[in-house]
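**Q** Please find one structure pasted underneath; my questions will follow.
The values are calculated or read from the model by the stated rules, or taken from the named source; none is laboratory data. What you see is a predicted model; the values in this text were computed from it and never measured. Ideal geometry is used to build each Cβ from the backbone, glycine not excepted, and the neighbour counts take in all protein chains shown.
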Amino acid sequence: MIPPNSSSAAADETRLLLPSDEHIPRYMTASPIPSARIILDHAPKDTWSLIKVRSRYYLPVLQWLPHYNANLFLGDLIAGLTLACLLVPQALSYATALCKLEAIHGLYAIAFPAITYAIFGMSRQMSVGPEATLSLLVGSSIAQQEQYDDDHLDRLAWACLMTLFVGIFTFLLGIVRLGFLDSLMSRALLRGFITGVAVVVMLQQSIILLGLVGISEEAGITEASSSIARVTFLFNHIHQAHRLSTIVSAVSIAVLLGFRMLKSKLAKYRWLALFPEVLLVVVLATVLTWKYDWQIEILGEIESTGIPLPSIPAFPDNTHLKDLLVTSALISVIGFVESVVIAKTFSSRHNYSVSANRELVALGVANTVSGLFQGIPAFGSVARSKINDRAGARTQMACMITGVLALVAIFFLLPYFYYLPKTVLSAIIFVAVLSLLGELPEDMHFIFRIGAWRDLVLLLITFLGTVVISLEFGTLVAITLSLLLTIKETSYPRISIMGRVKGTHNKFRAIHDDPDEIEHLEDVLIVRIEEPLFFANTGKLKDRLRRLEHYGDMSTHPSERPRRNASSYIIFDVDNMPDIDASAVQIMYEIVETYHAQQAAVYFVRLRDRPMDMFRRSGLLDMIGQDRVFYKVSHAIEVIEKDMAKRGIEITQ
């Protein structure tokens, strides 16, 4: 221990070196970090020091930027350029083909969210920008409103206001520390929803890919039409497909998929992984359309006055505001869940920490800024983040560079997109959503291999709800079922009945661990509580105890006849119950009262400090009796055996 009069240099040695917070992160070192000393950190002694520490915590850019160097910049620059070549065409596609807005708003959704996230975000590899799933939700919401108010609906104001509320909702989720919500979404439900979205997008874009937009409008197919209506239309009119549009679409898709397959098979060649095939297709299609005057739909002139001033979009009527808020909340939850999965994946791979709550705040601020600057919602993308990682991204600077390059595109490159065929934009979207289907076969194989039929049913329900009814319905189904399943699982306390290991006297284990080697004790019920008890999981505690008393385990159906007689001695092993709240104490009080009324003695084993204090203050400890609280199950059994010996009873199987 350092004495009080030690020098400041020695005092500095009393800090705990935290690689991810206070000092140079591991990824910034050219060689592996040598064995480190564990050094204690004193709390800041003055206000200014406290402000600096808190600033580095809430603004991650203050952690990595002071230690930034040229070696890191090279990798981030390559990653930023690679992502920009992919994301700029994607953003144009999502804004025009999915949201039905001017293409410029897709670029706004790259620039401002990416730069903002680089300042507030913690993930070094996540690529933040517009996503196909969320863009389709925006476009679907606009289309539904146009059915009711086509003359007065301002599409841009609706989209921007939705983005603004997405940011506000996401930010508030972070402020109230609801980052755990990402754990509530079942993988099966999320997979069903994502697969449904992919099918909806592919059907929607197929009409554009085949050059059937004009015919579809005459046939009454709108953005709000169901997927069933689109399938019927395609089946009846595919013979009328525009030949040149179909050829351009097919070649574009073939080239994009071909490069994807090459990159997968030849992953060892880094230069191939960085090749911008999306940009190549866009440039070639644009040049060929201009040179040969192809008679296909083109993007046309993109109106832009540069960077818009931040402003709050006009609010719709009160009758429509509810729909806007609901869809915004759904986008916020879906986008956050996917983004946090990405952030956690890459933080684990590269050995640094991320906080789900701080990611919520960062993504909330990013989308709020996007809404103020006329952008659409932006969250993390799995596919883009993988590319970002392979391209060499090591800090958030890569994301910032992508945002800056989007600004360059806004100021200087928009005229060059004039002859870009819309079929190429749809081809980009079509190939992008194919990646959403990439994990489905693996998930289905896993479900069938382990017989997870409940997960299969949940996946199918969400998928059919999304495809057959609507995106909003599928989203609500996924979120609602996830919450209901979570509530169901947490409402049942985890308890098990214990028995004596055969051939021993003082070894006790849960009977379900090995029913052949562990025996029940006659007239004695040993119950192990395996988790903290609180108001949410004690409502069924009495019922589950009764099931254990009658049948010995929870697997026996309650319609069968009881297999056990009532016990005269009840032992609760609460070693795994570190905490208990007031509601649970009251339930436990009632349980002990019931056992006492039945002339059954109740014992507690390994009661911890917090529950002991709650038992004492509630009067439950006095009811039990201090002499019936033991350190081991075997100690309680010894006391019970003595009591039974006095009564002429012997403990048997």
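**Q** Starting from residues that are aliphatic (A, V, I, L, M) and modelled with pLDDT under 95, keep the ones in the range 362-397 and report whichever is nearest to residue 335 (Cα to Cα).
**A** Per the criteria, the residue is 382.
**Q** So residue 425 ticks every box in (1) modelled with pLDDT under 90; (2) closer than 26 Å to residue 144 by Cβ but one. Which box is left unticked?
**A** (1)
**Q** Taking residue 499 and the conditions (1) surrounded by fewer than 20 Cβ atoms within 10 Å (Cβ to Cβ); (2) at pLDDT 85 or above; (3) of a type outside the set (A, V, I, L, M, F, W, C); (4) under 30 Å from residue 614 (Cβ atoms), which numbered condition does it fall short on, given that it satisfies the others?
**A** (1)
**Q** How many residues, within the range 595-612, are surrounded by 13 or more Cβ atoms within 10 Å (Cβ to Cβ) and either assigned to a helix (DSSP H, G or I) or not assigned by TED's automatic domain parsing to the domain that holds residue 546 (or both)?
**A** Restricting attention to the range 595-612, the residues satisfying the condition of being surrounded by 13 or more Cβ atoms within 10 Å (Cβ to Cβ) are 595-596, 600-608, 610-612.
Subsequent filtering for residues that are either assigned to a helix (DSSP H, G or I) or not assigned by TED's automatic domain parsing to the domain that holds residue 546 (or both) retains 595-596, 610-612.
Result for the range 595-612: 5.
**Q** Which one of these is part of a helix (DSSP H, G or I), closer than 20 Å to residue 465 by Cα and in contact (Cβ under 8 Å) with a residue 24 or more places away in the chain: 156, 189? Before the answer, list the steps.
**A** On the way: 156 fails: closer than 20 Å to residue 465 by Cα.
From the options 156, 189, the qualifying one is 189.
**Q** Ok, one more. If residue 264 satisfies all but one of (1) in a helix (DSSP H, G or I); (2) touching a residue at least 60 places away in the same chain (Cβ under 8 Å), what's the number of the condition it fails?
**A** All conditions are met except number (2).
**Q** Now for a separate question. Please verify whether the range 343-355 includes one or more residues that are among the aliphatic types (A, V, I, L, M) and modelled with pLDDT of 90 or more.
**A** So far as the range 343-355 goes, yes, one or more of its residues are among the aliphatic types (A, V, I, L, M) and modelled with pLDDT of 90 or more.
**Q** Now, a different point. Does any residue of the range 320-328 turn out to be in a helix (DSSP H, G or I), at negative phi and either under 17 Å from the mean Cα position of the chain (by Cα) or among the hydroxyl-bearing types (Ser, Thr, Tyr) (or both)?
**A** Yes, there is a match, as at least one residue in the range 320-328 is in a helix (DSSP H, G or I), at negative phi and either under 17 Å from the mean Cα position of the chain (by Cα) or among the hydroxyl-bearing types (Ser, Thr, Tyr) (or both).
**Q** Residue 407 versus (1) within 18 Å of residue 117 (Cα to Cα); (2) assigned to a loop (DSSP other than H, G, I, E, B): which is the lone unmet condition?
**A** So the condition that residue 407 fails would be (2).
**Q** Take residue 257 and decide whether it is of a type outside the set (S, T, N, Q) and within 30 Å of residue 335 (Cβ to Cβ).
**A** The answer is yes for residue 257.
**Q** Considering only the range 179-186, I want to know if a residue exists there that is surrounded by fewer than 20 Cβ atoms within 10 Å (Cβ to Cβ), hydroxyl-bearing (Ser, Thr, Tyr) and more than 30 Å from residue 356 (Cβ to Cβ).
**A** no
**Q** Related question: With respect to residue 479, is the statement that it is surrounded by fewer than 12 Cβ atoms within 10 Å (Cβ to Cβ) and either in contact with a Lys or Arg (Cβ under 8 Å, 6 or more places away or on another chain) or closer than 30 Å to residue 463 by Cα (or both) true?
**A** no
**Q** Given the residues 141, 123, which is the only one that is over 18 Å from residue 404 (Cβ atoms) and outside any helix (DSSP H, G or I)? Before you say what the answer is, go through the steps one by one.
**A** Numbers: 141 fails: outside any helix (DSSP H, G or I).
Going through 141, 123 in turn, the sole match is 123.
**Q** Could you grab the pairs with beta carbons closer than 6 Å, sequence gap of 6+ or different chains, first residue in the range 53-68 and within 12 Å of residue 358 (Cα to Cα), second one of a type outside the set (Val, Ile, Thr)?
**A** Correct list of pairs: 60/122.
**Q** Filter the range 383-427 down to the residues that are under 28 Å from the mean Cα position of the chain (by Cα) and charged (D, E, K, R) and list them by number.
**A** 384, 386, 389, 390, 394, listed by residue number.
**Q** Moving on to the next point. Those residues that are touching a residue at least 40 places away in the same chain (Cβ under 8 Å) and not β-branched (Val, Ile, Thr), I need them from the range 432-453; list them, please. Talk me through it step by step, then tell me what you get.
**A** In the first step, residues of the range 432-453 are kept if they are touching a residue at least 40 places away in the same chain (Cβ under 8 Å); the result is 432-437, 439-440, 443, 447, 452.
Within the range 432-453, 432, 434, 435, 436, 437, 439, 440, 443, 452 qualify.
**Q** Would you please list the contacts, defined by Cβ atoms under 6 Å and residues six or more apart or on different chains, that run from a residue in the range 278-294 that is touching a residue at least 12 places away in the same chain (Cβ under 8 Å) to a residue that is of a type in the set (Ser, Thr, Tyr)?
**A** As it stands, the answer is 281/252; 286/419; 289/419; 290/419, since those pairs meet every condition given.
**Q** In the range 183-205, which residues are closer than 14 Å to residue 333 by Cβ and among the hydroxyl-bearing types (Ser, Thr, Tyr)?
**A** 183, 186, listed by residue number.
**Q** Is it the case, given these coordinates, that residue 214 is assigned by TED's automatic domain parsing to the domain that holds residue 94, under 25 Å from residue 156 (Cα atoms) and not in a helix (DSSP H, G or I)?
**A** For residue 214, the condition - assigned by TED's automatic domain parsing to the domain that holds residue 94, under 25 Å from residue 156 (Cα atoms) and not in a helix (DSSP H, G or I) - is not met.
Let's see how each residue does on (1) of a type in the set (A, V, I, L, M, F, W, C); (2) under 23 Å from residue 539 (Cβ atoms); (3) over 20 Å from the mean Cα position of the chain (by Cα); (4) assigned by TED's automatic domain parsing to the domain that holds residue 325:
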site: 455; (1), (2), (3), (4): no, no, no, yes
site: 464; (1), (2), (3), (4): yes, no, yes, yes
site: 473; (1), (2), (3), (4): yes, no, no, yes
site: 482; (1), (2), (3), (4): no, yes, no, yes
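**Q** Sticking with this one: Which pairs do you get when a residue that is closer than 22 Å to residue 472 by Cα, found in the range 225-251, comes within reach of a residue that is part of a helix (DSSP H, G or I) and polar (S, T, N, Q), reach meaning Cβ atoms under 7 angstrom, with the pair 6+ apart or on two chains?
**A** Close Cβ pairs satisfying both conditions: 230/204.
**Q** Could you please find all residues in the range 159-186 being under 26 Å from residue 204 (Cβ atoms) and not in a helix (DSSP H, G or I)?
**A** Of everything in the range 159-186, just one residue is under 26 Å from residue 204 (Cβ atoms) and not in a helix (DSSP H, G or I), namely 185.
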